[in-house]
Amino acid sequence: MKNKIILLGPPGAGKGTQAKLLAAKNGLAHLSTGDILRDEVARGTDLGKKAKEYMDRGDLVPDQLIIDMIRGRLDESAGFILDGFPRTVTQAEALEKIVAMDIAINIALSREDVIKRLSSRRVCRKCGKIYNLLYNPPAVDGVCDECGGELYQRDDDKREVIENRYDVYEQATAPLIGFYKERGLLVDVDGSKGTEEVTEQIAAALVS
Ligand code: AP5
């Protein structure tokens, strides 16, 4: 099975949801640059302070900060899933110099669906489980089914910030589709399907 996996796709395509499922099922490490940055912000580190202004606007954090942050976390000998990285051609070129990836899965979703999903996303403050008020609501309003933690709405899940994130995706990240196609690593997945169906599409790509 391919086990060095990049999950590409616009904000809200389901990268985090699928990465958590894949990691749990296959014993892979899950590296989310968004989660790492949010942790740095919460802890008030120097990196977190620098990153926050970009994240609040929905802009990308500068490449060099991200590349330095991720470099030490990639264990070349083990399997891992990259969620939210690389995000620019510069980041993808830096990654190529660190480790050879097996596959880049592009989870496609329209702008309209992205806005709908992200405006209704909620995340557990304690364990990070991802919910959706429309498609995957918790049993009790505001409370995580898994750990009882508080559910919150991300600061960047406001409509105007979501719109900017999608614009930034189209301009800076969508070129990676061609980048990985040229290298024979790209597989397209239809992100508009239900969670289980998307998982099945990804599972099939990993063994083909
Ligand atoms: P990051 O945290 O990476 O955000 P993102 O890429 O915008 O992705 P999201 O986490 O919003 O969405 P997702 O695809 O994981 O979807 P999810 O599974 O949650 O980045 C945040 C910020 O950090 C960036 O804006 C930037 O500033 C900075 N940053 C991070 N990485 C960077 C980098 N490499 N370079 C520079 N800056 C960087 O699902 C979304 C919702 O949909 C949920 O509610 C979920 O329950 C629901 N859902 C999921 N799948 C389905 C389905 N199949 N059907 C119905 N609902 C579904």
Percentage relative contact order, the stretch 97-208, counting C-alpha pairs under 8 Å, at least six apart
34 percent
At 7 Å along the Cα-to-beta-carbon direction for both Gln64 and Ala205, put a label point, then send me their distance in nm to one decimal.
3.3 nm
Can you sort Arg87, Arg125 by 1.4 Å-probe accessible area, starting with the largest?
Arg125, Arg87
Take every Cα pair under 8 Å in the stretch 8-166 that's 6+ residues apart, average their separations, divide by the length, and report that relative contact order as a whole percent.
28 percent
Starting from the stretch 1-62, pick out the trypsin sites (Lys or Arg not before Pro) whose DSSP state is loop and whose Cβ has at most 13 other Cβ atoms within 10 Å.
none
Computed over the stretch 65-127, the convex hull of the Cα set has an average projected area, in nm², of 6.3 nm²
Just need the relative contact order of the stretch 1-86 here, percent rounded to a whole number, with Cα pairs under 8 Å and 6+ apart.
51 percent
Just flag the GluC sites (Glu not before Pro) in the stretch 74-133 sitting in loop per DSSP whose Cβ has no more than 12 other Cβ atoms within 10 Å.
Glu76
Residue among Gly84, Gly58, Gly44 with the largest mean-square fluctuation in a Gaussian network model of the chain, springs linking Cα atoms under 10 Å
Gly44
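Output the pairs from Lys129/Lys193; Lys2/Lys97; Lys15/Lys52; Lys25/Lys52; Lys50/Lys129 with a Cα-Cα distance over 23 Å in this structure; if there are none, say none.
Among Lys129/Lys193; Lys2/Lys97; Lys15/Lys52; Lys25/Lys52; Lys50/Lys129, the Cα-Cα distance tops 23 Å for Lys25/Lys52; Lys50/Lys129.
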Given a Förster distance of 45 Å, report the FRET efficiency between Asp145 and Asp46 from their Cβ-Cβ distance, rounded to the nearest 0.05.
0.80
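Taking a ≥ b ≥ c as the square roots of the eigenvalues of the Cα gyration tensor of the chain, is the shape rounded (a/c under 1.5), prolate (a/b larger than b/c) or oblate?
rounded
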Protein accessible area in the stretch 51-163, 1.4 Å probe - carbon and sulfur %:
47 percent
Can you give the extra length, in nm with one decimal, that the chain gains between Asn164 and Asp113 once fully stretched, where that is 0.36 nm per residue apart less the Cα-Cα distance?
16.9 nm
Quarter of the Cα convex hull surface for the stretch 46-92, i.e. its orientation-mean projected area (nm²)
3.7 nm²
Quick calc of log₁₀ I(q)/I(0), the stretch 1-61, Debye, one scatterer on every Cα, no solvent, q values 0.13, 0.21, 0.24, 0.27 1/Å, result -0.43, -0.89, -1.01, -1.10
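The values are calculated or read from the model by the stated rules, or taken from the named source; none is laboratory data. Model, not experiment: these values are computed from the prediction. Quick reminder, even Gly has a Cβ in these numbers, built from the backbone with ideal geometry, and neighbours come from all protein chains shown. These area figures cover heavy atoms from the full protein model, side chains too; ligands, DNA and RNA do not enter into them. Shrake-Rupley method; radii C 1.70, N 1.55, O 1.52, S 1.80 Å.
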